[in-house]
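The values are calculated or read from the model by the stated rules, or taken from the named source; none is laboratory data. This is a predicted model, so every value here is computed, not measured. All Cβ positions, glycine included, derive from the backbone under ideal geometry; neighbour counts span all protein chains shown. Note: areas computed on protein heavy atoms with side chains; ligands, DNA, RNA excluded. Shrake-Rupley method; radii C 1.70, N 1.55, O 1.52, S 1.80 Å.
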Amino acid sequence: MTIGEADVRRRRFLTASAYSMAAAVLPLDYVKEMDERTAAARGGAVIGAAGVSAVRDMVGLFAEMDERLGGQHGRAAFAQYLITDIAPLCQARFRNDDLRCQMLSLASSAAHLAGWKAYDSGEQGLAQRYYLQSFALAVESGESGQDGFVMRTMSQQGMKLHRPEHCLDLAASGLARANGQVPARAQALFHITHAHALAKTGQRRQAVAEIDAARAALDTGRGDQVPFRALAWGPPEATVVSRTAKVLEDLGDHRRASQYYAHAAASRPSGTYARIVALDLVAAAESQLNQGSVEAACATWSRAMDHMDGVASARTRKAVRNIRRNLAPYRSRGLRCAADLDERATSFLTRV
């Protein structure tokens, strides 16, 4: 199926598409075969540096829009851009092989963004299909470490869906393929995803060691430039802090987890990364609630909702539904802050 086509036809596609653990293992089993793929058929006009730069600008624009306004905003337009512009360019003729490789790398980033938009819309099977396309394009481009970035994302998707069967292998393989191939600040992202996968599988000591490795990589790479794909959830430092919170949460340390989530939210420019700031604050509030601090949780949830206005995301809506569910016992006891927040949450779900 042509890149982007599944999204345009997703109503029919989704009836037969679900997240698949068999598909999750594909990058692990077929890396060698995909590395040996021949160059794509070339045809049409000769593309120069300006054409590649235009695609880079457009993908960057949609990526920024996604972080600020949510994955459902501009999704149809981006899917159409994949079909009408990016897919044909992947088969075009270029002035030199380096430009062709750059184009394939950009196409991989675009497919990854389309997958992320599907993920943010709650369509996990479609997201996984896009990630597999992104992986294939990354391998074909030869861009160092980019295939590892996709493995990292697929590992995170599996952990989020509580399907850990291949998450540790994907995280470890992504780290191995990125090792020495990406700037140190970007490599920290791989270490912290590996730490999360280790925590999910009960390997506490190894998980803590990988947290330390992520911090060391950030210190080593201080001031390094990182590829824009490594900025998907804000500065690498904020992403490492946020995922450290997830590791601590899985290890049962809710007090420190809530502190790390709050720190991560404060570390990202809220105007640019409204969705992830909101979700970090939601997670911080849940950790506070797990410690028995209901009033503090209500205050943090309220701050989270301050960032949700204008964000079109199935994940933020799900987060607000979870807020209402978590508040129910306290609302029934007459706790004022719970009742006020529930009213706000109800209004949000009605108008969004």
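Name every residue in segment 262-282 that is more than 16 Å from the chain's Cα centre (by Cα) and part of a helix (DSSP H, G or I), in order of residue number.
Listed by number, the residues that qualify are 262, 263, 266, 267, 281, 282.
Would it be correct to say that residue 331 is more than 26 Å from residue 120 (Cβ to Cβ), assigned to a helix (DSSP H, G or I) and of a type in the set (D, E, K, R)?
The answer is yes for residue 331.
Can you list the helices (runs of 4 or more DSSP H) found entirely within segment 44-130 that contain at least 2 residues being in contact with a His (Cβ under 8 Å, 6 or more places away or on another chain) and within 27 Å of residue 158 (Cβ to Cβ)?
Correct list: 49-69.
When you go through 273, 260 one by one, which is the residue that is among the aromatic types (Phe, Trp, Tyr), within 24 Å of residue 115 (Cα to Cα) and open to solvent by 30 Å² or more (accessible area, probe 1.4 Å)?
Only one candidate passes the filter, namely 273.
Could you list, in sequence order, the residues of segment 326-346 that are farther than 18 Å from residue 293 by Cβ, modelled with pLDDT of 95 or more and open to solvent by 40 Å² or more (accessible area, probe 1.4 Å)?
If the condition is that a residue be farther than 18 Å from residue 293 by Cβ, modelled with pLDDT of 95 or more and open to solvent by 40 Å² or more (accessible area, probe 1.4 Å), then 343, 344, 346 are the ones that fit.
Could we say that residue 299 is surrounded by 13 or more Cβ atoms within 10 Å (Cβ to Cβ), touching a residue at least 60 places away in the same chain (Cβ under 8 Å) and either out of contact with any strand residue (DSSP E or B) (no Cβ under 8 Å at 6 or more places or on another chain) or not in a helix (DSSP H, G or I) (or both) here? If you could, list the steps in order and put the result at the bottom.
On the way: surrounded by 13 or more Cβ atoms within 10 Å (Cβ to Cβ): yes; touching a residue at least 60 places away in the same chain (Cβ under 8 Å): no; either out of contact with any strand residue (DSSP E or B) (no Cβ under 8 Å at 6 or more places or on another chain) or not in a helix (DSSP H, G or I) (or both): yes.
Spelling it out, it is not the case that residue 299 is surrounded by 13 or more Cβ atoms within 10 Å (Cβ to Cβ), touching a residue at least 60 places away in the same chain (Cβ under 8 Å) and either out of contact with any strand residue (DSSP E or B) (no Cβ under 8 Å at 6 or more places or on another chain) or not in a helix (DSSP H, G or I) (or both).
Among 205, 256, 243, which is the only one that is over 29 Å from residue 65 (Cβ atoms) and out of contact with any Leu (no Cβ under 7 Å at 6 or more places or on another chain)?
Answer to the selection: 205.
Check off (1) of a type outside the set (Gly, Ala, Ser); (2) part of a loop (DSSP other than H, G, I, E, B); (3) surrounded by 22 or more Cβ atoms within 10 Å (Cβ to Cβ); (4) in contact (Cβ under 8 Å) with a residue 60 or more places away in the chain for residue 308 and give me the number that stays unchecked.
(4)
Out of all the residues in segment 77-84, is one or more at pLDDT 95 or above and either surrounded by fewer than 18 Cβ atoms within 10 Å (Cβ to Cβ) or in contact with a Leu (Cβ under 6 Å, 6 or more places away or on another chain) (or both)?
Looking through segment 77-84, none of the residues is at pLDDT 95 or above and either surrounded by fewer than 18 Cβ atoms within 10 Å (Cβ to Cβ) or in contact with a Leu (Cβ under 6 Å, 6 or more places away or on another chain) (or both).
Within segment 86-104, track down each residue that is touching a helix residue (DSSP H, G or I) at 6+ places or on another chain (Cβ under 7 Å) and open to solvent by 10 Å² or more (accessible area, probe 1.4 Å).
89, 90, 94, 99, 101, 102
Against the condition out of contact with any Leu (no Cβ under 7 Å at 6 or more places or on another chain) and buried (at least 23 other Cβ atoms within 10 Å of the Cβ), how does residue 231 come out, does it pass?
No; evaluated as a whole, the condition is false for this residue.
Of 238, 216, 197, which residue is aliphatic (A, V, I, L, M), in a helix (DSSP H, G or I) and surrounded by fewer than 18 Cβ atoms within 10 Å (Cβ to Cβ)?
Testing whether each residue is aliphatic (A, V, I, L, M), in a helix (DSSP H, G or I) and surrounded by fewer than 18 Cβ atoms within 10 Å (Cβ to Cβ) leaves just 216.
Kindly indicate the residue of segment 132-187 that is among the charged types (D, E, K, R) and not in a helix (DSSP H, G or I) and also nearest to residue 218 (Cα to Cα) among those meeting that condition.
143
Report whether or not residue 70 is of a type in the set (Gly, Ala, Ser) and open to solvent by 20 Å² or more (accessible area, probe 1.4 Å).
Numbers: of a type in the set (Gly, Ala, Ser): yes; open to solvent by 20 Å² or more (accessible area, probe 1.4 Å): no.
No; evaluated as a whole, the condition is false for this residue.
With modelled with pLDDT of 95 or more and crowded, with 22+ Cβ neighbours inside 10 Å as the only criterion, which of 208, 247 stands out?
Criteria check complete, one pass: 247.
What are the residues in segment 128-161 that are crowded, with 24+ Cβ neighbours inside 10 Å and in contact with a Lys or Arg (Cβ under 8 Å, 6 or more places away or on another chain), if any?
Those that are crowded, with 24+ Cβ neighbours inside 10 Å and in contact with a Lys or Arg (Cβ under 8 Å, 6 or more places away or on another chain): 139, 146, 147, 148, 149, 151.
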